[in-house]
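See below for the structure under consideration.
The values are calculated or read from the model by the stated rules, or taken from the named source; none is laboratory data. Fair warning: this is a prediction, and the values are worked out from it, not measured in the lab. Virtual Cβ from ideal backbone geometry, glycine too; neighbours counted across all protein chains shown. Quick note on the areas: whole protein, heavy atoms, side chains included, nothing else; ligands and nucleic acids left out. Shrake-Rupley method; radii C 1.70, N 1.55, O 1.52, S 1.80 Å.
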Amino acid sequence: MTSLPRTDVAAAGSPFQHYPRTGSYDEMLDERGDLRSHWRPFVHALETLGLSELTRRWEEAKHLIREDRVTYNAHADPIGSDRPWELDPIPVVVSLADGQAIEAGLIQRARLLEHVLADLYGPQELVREGLLPPEVIFDNPGFLRPCHGLRIPANRYLHLYAADIGRSADGQFWVIADRAQAPSGAGYALENRIVLARTLPDVFRDCQVQRLALFFRSVRETLSQLAPHNRDNPRIVLLTPGPSHDTYFEHAYLARYLGFTLVEGGDLTVRDNRVFLKLLGGLQPVDVILHRLDDSLCDPLELRSDSIQGVPGLVQSIWAGNVAVANPLGSGFIESPALMPLLPKLCERLLDEPLKMPSVPTWWCGDERSREHVLSHLHRMIIKPAMPCDKIAPIFGESLSADQRDTLAGQIRARPRAFVGQEQLGLSTTPALIGSQIQSRHLLVRAFLTASNDSFSVMPGGLARVSATCDTLVVSHRTGGGSKDTWVLSPGRVSTFTLLRPTVQPVELSRGGGDLPSRAADNLYWLGRYVERAEGAVRLLRGILVRLTEKSGVAEVPELTTLLRALTYQGNTLPGFVGEGAEARLAAPEQELLSLVFDGTRAGSLKATCAALQAVAGMVRDRLSVDTWRVLINLELPPNADRRRPDRQARTQTAAFSADYASTNSRTLSRVLALLDQMVIKLAAFGGLAMESMTRLQGWRFLDMGRRLERSYHTISLLAHTLVSAQPSEGPLLEAVLEIADSSMTYRRRYLSNLHPAPVLDLLLADESNPRSLAFQLVALSEHVENLPRESVPSRSPEERIVLSSLTAVRLADAELLATTDSASVRPHLRDLLSRLEADIPVLSDTITTGYLSHVQLPRQLGTQSLDRFQ
Amino acid sequence: MIYRVSHTTTYEYGAPVLIGQNLVHLTPRTSTHQSCLHQRLLIEPVPGLTSARHDYFGNPATFFAIQEPHRKMIVTAESVVDVKRFVPHDAAGKQPWEQVRDRVANDRGPLMLDAYQFVFDSRYIQCSSDLASYAAPSFAAGRPLLEAVMDLTRRIHSDFQYDQQATTLATPLCDVLTNRRGVCQDFAHLQIGCLRSMGVPARYVSGYLRTRPNPGRPPTVGAHASHAWLSVSCAEFGWIDVDPTNNLIPSDTHITLAWGRDYDDVSPIKGVILGGGHHTVAVAVDVVEQ
């Protein structure tokens, strides 16, 4: 490190030449403007790389981030849509000494807070001794009375603990907030690290940065050891409020990284004082629950009865000692800002030592003198709720008008106990890449601790967050701030441990996969259906557009009318080319076709199907490989212009189509055709990944059943609406049907260019070697239903009987007979067979859903009623 | 006085309930002037699991789970309770109400802390300036606590009308105050809210009321539901029960089941079910003197 040349960051050409000095403590530069020594390796590496190369690599990384959907649903965002996590590539570099000071301070604090919790949920001596005002307990929604007296092994109340820390102008660290209730951010810190290490591998290596994986291993070990039963191989679940939650991405990400099952309240049930996971194959006991629900929402029976996300009976099973919950319910109490001014005395009393890392100066208004202090210094105070409660945003005194300040003072006087005033810390600054320039931003770091043996271990890093501009001290994602990776330098050789490698403990080999929650099976099934629905629509649309663009009009292509009608039937998008006004639309089909592609508000449109597909994929995010997820994200059709910020990144090629479509009305059908071509390839990629990368377990089975069912439906629908009524010269139509069903090549190889209905029907209906034929789908379905988990019954299950009966009907059908027409030019045998099959398929779907997925009691977030055709 | 109490609650469901978890407060608690001589809980269908414990406030509570599909659940609690005539301590209600308020707020002894916790807001009861203004005329400066409380009780009894149709569990206290109608639970919540708004600790009491039979006629059977009233802290002199629905201080006519901050802490039956569809509830309470 010392051999590096001294760097003059202000020199022309340095990426940092425009980096401004402010009055705050700066993480990178000392008070004379010289580079702090622990930043030297990074700055040197960055100067070698150059700003333009950094910017270029960063553009690539942003693409990765978008695909990974590192998102944060900001509450204030009226759309509630996924917003990419604003990450910037310049880490905060933390010196070894600072890292050690933070570690010591936070471990002490976490120990102290555990003692406070043990007293609160036990003897409550601190109140009687006058160290804790009774109001802070009794008037605190974070104190959960039903959890009082629950025995917590070794009084470990904080298996996970996080603290927001900031640094004042004199270099001192301060704790700004304590987090014990589902502390979020550790997963984002991990994601930031992975992105950054991938973007700047050389820089990362040269800087000797401590790895995060050991911390997560501690988390896993700590949680495993909590298990009351099966301590060798406990089942640990991560309980999430669900995909609509702020930090759902992180829940899914962490669950996958740590190897826990991601569950929602509805996936769990309590029987005989034990918590079970509802799996396809039955109930499996759960040993440890890592919950991301607020404490009070975890059990609607004994805690907040209005919670719909919790597990009724959970508190009872904790009483019975059959399940461990991390953190123990009620730990959220220590998030109370009202505790902060009490900590120095509590630390002396409980740990017999002075508090190492101070809290930012905080005054609880329940105390009269503190209240007066807050009221007389309101202009430089941050006013926060004194107790952990439903997210009320802090109020910055300096930003209020005199009138607003008076109103606030009135509110404080009316309910003094409910408020604290916090001194506004003049947070330190750190460099951030803004556009293509390096600027300074104010910094707040969330540090993470996990209980480990009889102490804690601290994540060597953390989630750094920065202000949106250099003028504001407000650091929050809700107001548009960004995040960063945090690099804590290593004292020696960096441990290259990774959780993705085998751990020291031997693991029992397992090929099982019964761990599929019924809800996940349901979502995978519908994912399969939607993917295939999209493909069916794309193929038919493409077949139509090819014909429309090659010729100058509908009149030149007689088979078009039939195809357009089939399209309306296929997507159930009446009236379309069938119902009222069909004649006009058939004569000029462009408008209707574009609407069927791009109109997301229209049920059955390609865009609506893709949206449903992505929504359902999001719910099983943790069960899809990264590559599969990427394919699905890229299926996005042109976004509605009004929903997106005008971000150049987001204006992909496809966005241009929708702009054309919406504004200029120039119907560039050929460009839409190119888009459909791309989609066919992406959908094929999904199919390939599912085929090649998913283990043949129940999850894959349900996904594939969904696809096979939907494809059967498409094939039946296509044939029923094209070939049942015979046309005078059927050649072009037969060719189109073969092409849409992706079977032209096979046909040509077998029959050369002789187009006859009988061989076409044979190929598309009965040929079990053709992956597009109906028989092929039924054979696959038959294999699937035979392998569904069930109690061993000697006779065939209802779903087996339906598949077998349909398959037999197809196998027994005579292609020549099917192709024969009656006097009205109708093929009666074909008609009868298809209408029978068309009736069988929905029954099969119903049988599977009621048999296996009916105890899915959660509201399913699928499309509208009309999308669920078979339901 | 010894009472035999039978309390039956019948739930009928439109669709099968796959699993039902319940937490009940149906065992009379023992207190200074009451002891429970005998108690049993009969549940149909027979629960797969029953577990008894005490809640945070010291009330006996029973958790049970019915884990088989069922369309009907009958919970019958039978108890024999000995209730002594309650006579408040002479000095109890004589202290000026402000003295009780301040004593409880500043003393850190276990007894005072136990009282102090009942000054704060709870799920169904939030202090407000409206409640304080309604209470104010009864709380003249220096007035003895019991006198002030009974004046408030009398006013609630005369200002408010007993009306079973006017409110539900979800009706907020401010609506009860505005509309001046409700049932025993509303009046108990209301008076507790008034007292807490004045800084006087008050807790919610769930229980039964003796139904005095007319001379020469058999006891009224099955005509009554459970009852609710409140209890006011008199600092070191303990608690005095007050029944605003009947404008009286219960002596040996009220059988206490449980107490807490409000209904939410001590509701006789609380349950969460999976399935069930639309359901109906029927309650029958018999209180017979032995």
> So which residues in the stretch B:228-259 are part of a loop (DSSP other than H, G, I, E, B) and not polar (S, T, N, Q), if there are any at all?
Replying inline: B:234, B:238, B:244, B:249, B:250, B:252
> Restricting the search to the stretch A:595-609, which residues are over 14 Å from residue A:538 (Cβ atoms) and either in a loop (DSSP other than H, G, I, E, B) or touching a residue at least 40 places away in the same chain (Cβ under 8 Å) (or both)?
Replying inline: A:599, A:600, A:601, A:602, A:603
> Quick one: would you say residue B:117 is within 13 Å of another protein chain (Cβ to nearest Cβ) and in a helix (DSSP H, G or I)?
Replying inline: yes
> Looking at the stretch B:187-224, which of its residues are at pLDDT below 90 and part of a strand (DSSP E or B)?
Replying inline: B:209, B:224
> In the stretch B:138-175, which residue that is open to solvent by 70 Å² or more (accessible area, probe 1.4 Å) and among the small types (Gly, Ala, Ser) is farthest from the chain's Cα centre (by Cα)?
Replying inline: B:141
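Modelled with pLDDT under 95, in contact with a strand residue (DSSP E or B) (Cβ under 7 Å, 6 or more places away or on another chain) and open to solvent by 20 Å² or more (accessible area, probe 1.4 Å): is that true of residue A:404 in this structure? Spell out the reasoning first.
Details: modelled with pLDDT under 95: yes; in contact with a strand residue (DSSP E or B) (Cβ under 7 Å, 6 or more places away or on another chain): no; open to solvent by 20 Å² or more (accessible area, probe 1.4 Å): yes.
Criteria not met by residue A:404.
Return yes or no: is residue A:145 without any contact (Cβ under 8 Å) to a residue 24 or more places away in the chain, open to solvent by 20 Å² or more (accessible area, probe 1.4 Å), facing chain B (nearest Cβ under 10 Å) and on the phi < 0 side of the Ramachandran plot?
Numbers: without any contact (Cβ under 8 Å) to a residue 24 or more places away in the chain: yes; open to solvent by 20 Å² or more (accessible area, probe 1.4 Å): no; facing chain B (nearest Cβ under 10 Å): yes; on the phi < 0 side of the Ramachandran plot: yes.
Here the answer is no, as residue A:145 does not meet what is asked.
Among what's in the stretch A:705-762 and is assigned to a loop (DSSP other than H, G, I, E, B) and acidic (Asp, Glu), pick the residue that is surrounded by the most Cβ atoms within 10 Å (Cβ to Cβ). Give the derivation first.
Pass one, the stretch A:705-762, residues assigned to a loop (DSSP other than H, G, I, E, B): A:723-724, A:726-730, A:741-743, A:752-756.
Now narrow it down to the ones that are acidic (Asp, Glu): A:730, A:742.
On the way: A:730: 19, A:742: 15.
Ranking the qualifying residues of the stretch A:705-762, first place goes to A:730.
Condition check ((1) away from chain B (no Cβ under 14 Å); (2) touching a residue at least 12 places away in the same chain (Cβ under 8 Å); (3) touching a Pro at 6+ places or on another chain (Cβ under 7 Å); (4) of a type outside the set (Asp, Glu)) across all residues:
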site	(1), (2), (3), (4)
A:168	yes, yes, no, yes
A:172	yes, yes, no, yes
A:199	yes, yes, yes, yes
A:220	yes, yes, no, yes
A:246	yes, yes, no, no
>> Please pick out the residue among A:310, A:281, A:259, A:242 that is under 21 Å from residue A:183 (Cα atoms) and touching a Pro at 6+ places or on another chain (Cβ under 7 Å).
In response: A:310
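Yes or no: residue A:139 of a type outside the set (A, V, I, L, M) and in contact with a Phe, Trp or Tyr (Cβ under 6 Å, 6 or more places away or on another chain)?
Details: of a type outside the set (A, V, I, L, M): yes; in contact with a Phe, Trp or Tyr (Cβ under 6 Å, 6 or more places away or on another chain): yes.
In short, yes.
Is it the case that residue A:245 is under 24 Å from the mean Cα position of the chain (by Cα) and in a loop (DSSP other than H, G, I, E, B)? Reasoning before the result, please.
Values: under 24 Å from the mean Cα position of the chain (by Cα): yes; in a loop (DSSP other than H, G, I, E, B): yes.
Taking the combined requirement at face value, the residue satisfies it.
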> Any residue at all in the stretch A:126-136 that is in contact with a Gly (Cβ under 6 Å, 6 or more places away or on another chain), farther than 23 Å from residue A:352 by Cα and open to solvent by less than 20 Å² (accessible area, probe 1.4 Å)?
Replying inline: no
> Is it the case that the stretch A:217-229 has a residue that's open to solvent by less than 20 Å² (accessible area, probe 1.4 Å) and assigned to a loop (DSSP other than H, G, I, E, B)?
Replying inline: yes
> Out of curiosity, is residue A:232 crowded, with 21+ Cβ neighbours inside 10 Å and of a type in the set (D, E, K, R)?
Replying inline: no
> Of the numbered conditions (1) farther than 26 Å from residue B:179 by Cα; (2) in a helix (DSSP H, G or I), residue B:134 satisfies every one except a single condition; which is it?
Replying inline: (1)
> Which one of these is modelled with pLDDT under 95 and away from every other protein chain (no Cβ under 14 Å): A:299, A:287, A:295?
Replying inline: A:295
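List the strands (runs of 3 or more DSSP E) inside the stretch B:1-114, counting only whole elements, that have at least 2 residues being within 12 Å of chain A (Cβ to nearest Cβ) and within 28 Å of residue A:268 (Cβ to Cβ). Let's see the steps before the verdict.
Working: elements: B:2-24, B:34-44, B:49-54, B:60-66, B:70-83.
Result: B:2-24, B:49-54, B:60-66.
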> Can you pull out the residues in the stretch A:278-327 that are among the basic types (Lys, Arg), within 18 Å of residue A:388 (Cα to Cα) and in contact (Cβ under 8 Å) with a residue 12 or more places away in the chain?
Replying inline: A:292
>> With within 13 Å of chain B (Cβ to nearest Cβ) and either at pLDDT 90 or above or in contact with a strand residue (DSSP E or B) (Cβ under 7 Å, 6 or more places away or on another chain) (or both) as the only criterion, which of A:262, A:268 stands out?
In response: A:268
> If residue A:214 passes every condition in (1) touching a Phe, Trp or Tyr at 6+ places or on another chain (Cβ under 6 Å); (2) open to solvent by 30 Å² or more (accessible area, probe 1.4 Å); (3) within 14 Å of chain B (Cβ to nearest Cβ) but one, which one does it miss?
Replying inline: (3)
> Going through the stretch A:114-141 one residue at a time, which ones are without any contact (Cβ under 8 Å) to a residue 24 or more places away in the chain, more than 9 Å from every other protein chain (Cβ to nearest Cβ) and closer than 22 Å to residue B:265 by Cβ?
Replying inline: A:123
>> On the basis of being within 14 Å of another protein chain (Cβ to nearest Cβ), under 19 Å from the mean Cα position of the chain (by Cα) and touching a residue at least 12 places away in the same chain (Cβ under 8 Å), does residue B:123 make the cut?
In response: yes
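So is residue A:781 within 21 Å of residue A:696 (Cβ to Cβ) and in contact with a Leu (Cβ under 9 Å, 6 or more places away or on another chain) or not? Before you say what the answer is, go through the steps one by one.
Working: within 21 Å of residue A:696 (Cβ to Cβ): yes; in contact with a Leu (Cβ under 9 Å, 6 or more places away or on another chain): yes.
Yes: the conditions hold for residue A:781.
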